[in-house]
Structure formats: structure tokens, C-alpha cells
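Contents: one structure, followed by commentary.
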Amino acid sequence: MENRGQRSVLVVEDDDTIQAALEYNLAKEGYRVLLADRGDTAIEMARQHTPSVVILDIMLPRLDGLEVCRILRQEMTTPILILTARDQELDKIYGLEVGADDYMTKPFSVRELLARVRALIRRSDMDAPSEGAGPVLAIGDLTINLEARTALINGDPLNLKPKEYDLLAFFAGHPGRAFTRNELLDQVWGLSYFGDSRTVDVHVRWLREKIEKQPGSPRRIITVRGTGYRFEG
């Protein structure tokens, strides 16, 4: 595992030209670059090195990128940026559902990709727990430990993806206030995030399925028509 002072990027790409271009530009930015051209190899390298960011192609031999993403997300919180030629909306949504933090389609701007990598690392650093006891938010039957990054409902742990947790913690810290989708993107995903506001809707839907008794008639995360969302304790 790398220490906090080092930054490494695992590039999982089976196109030699793209892989070489990414390796060159990331190394030029000062990152230690790890390379894999197969899905199964990528998983082993991620387990061994715990990179700062994973850049992951979807179309890979042995194991496709979406399955790699799903496996890695079960084991670690490392930010994952999917990089692929597939640009259909359903592909993007499924990539987010299995745990990706960001999504870019080919052809891509190297400058934009580097900016996204930096943004993912900054967000990961902000999310990382510090030493010492942290505060706990208790809202009815919902308990959120801000230090341990865990949440319980009726004493049972919630299995939350990293951004699901971030969104829930933000909502819980600002009860009764309505936020637009763009405000939530800025506050939870960061000002440097390049995705669109539908990302918020997807994560709200996932959270409702986990914390609402009737997700179709939510009592906690309320849709504010013409604005966005409001959290009620």
C-alpha cells in the first residue's frame, strides 16, 4: 500500500497506444503509473498496491471493466474513473451503479482527464478519516458516524457506496434545507466534478431504497419541485 505522500494511478487499458499515452502524461504529472491490460490482472494489482485512482476501460480481456469495478468497489474505496468508447446513457448509469466515481468516453481530452484525476484525489483526501474520535449524527432511527464513515438504521448497518455515504452525511448535516442538484454536485462531488446533475438523481434513488420504508413515497429525502431535494429527519 502506498503512503499518503505518494500518488499512483492504475491504468487498466488493453489498447497499447492509449495505454502508452496515459502512462506518459500521468508520469509527466508526477504520478507513479501502474499498468494492466486485463481485468484479472487489474484486480490483483489494485489489491497489491492500493492506488490513488484507477482509470478503467470497460472492454477488457478475461474480465470486463464493469465487473472489475464491481469487485474493487466491494473491497476498497479507491476512486474509479471509467474510460471507454461506449457513450450510451445506460452504460454510464450502470458504471455508476457498480461503483464508478466518474466516467469519460473516448476520444478524450488528456487535460480534462488529468483534471478529473486531480479532483478525484482531492475528494478522496477530504473523505479520508482523521485520527481521534469523530462526531455522530443521530436522526431518529438513523445513526451516522462521520469518523468511521458508517451509517446504521435501526441498529443495522447500511451498505453504502462512498458517494451514497457522502450524500447522506451532507443531507443529514443540513436537515430541512432544500438544495438544487448543482449545489449538491458542488458540495458532495466537488467543484471540479465534470458530470451532470442526473448523477444526483441516481444516488438519491439508491439512498431512498436503503433508508426509506417506502422508497416510492419518501419521507426523508423529499423532492422539491423546481428546485432539487430536501432532507427531513
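The numbers here are math on the coordinates, done by the rules we state, and not lab data. Predicted model, so just to flag it, every value in this text is computed and none were measured. Here the Cβ is made from the backbone with ideal geometry for all residues, glycine too, and neighbour counts use every protein chain on show.
Table for the structure above
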{"read-out": "Extension gain (nm, one decimal) between Asn25 and Val136, 0.36 nm per residue minus Cα-Cα", "value": "35.8 nm"}
{"read-out": "Segment Asn154-His174, length gained on full extension (0.36 nm per residue, minus Cα span)", "value": "5.1 nm"}
{"read-out": "Karplus-derived HN-Hα couplings along the range 23-29 (A = 6.51, B = -1.76, C = 1.60, θ = phi - 60°), whole Hz, x at Gly and Pro", "value": "4, 4, 6, 5, 5, 4, 7"}
{"read-out": "Which label in (i) 129; (ii) 205; (iii) 224 gives the computed volume of the Cα convex hull per residue in Å³", "value": "(i)"}
{"read-out": "The chain, dipole about Cα centre (Lys/Arg Cβ +1, Asp/Glu Cβ -1), debye to the nearest 20", "value": "760"}
{"read-out": "GNM top mover of Pro79, Pro218, Pro107 - the chain, alpha-carbon springs below 10 Å", "value": "Pro107"}
{"read-out": "Euclidean distance between Cα centres, the range 155-233 to the range 20-93, Å", "value": "26"}
{"read-out": "Estimated distance in nm for a label pair at Glu112 and Asp40, the labels positioned 7 Å out from Cα along Cα-to-Cβ", "value": "3.5"}
{"read-out": "Listed pairs Lys28/Lys106; Lys106/Lys210; Lys163/Lys213 exceeding 23 Å between Cα atoms", "value": "Lys106/Lys210"}
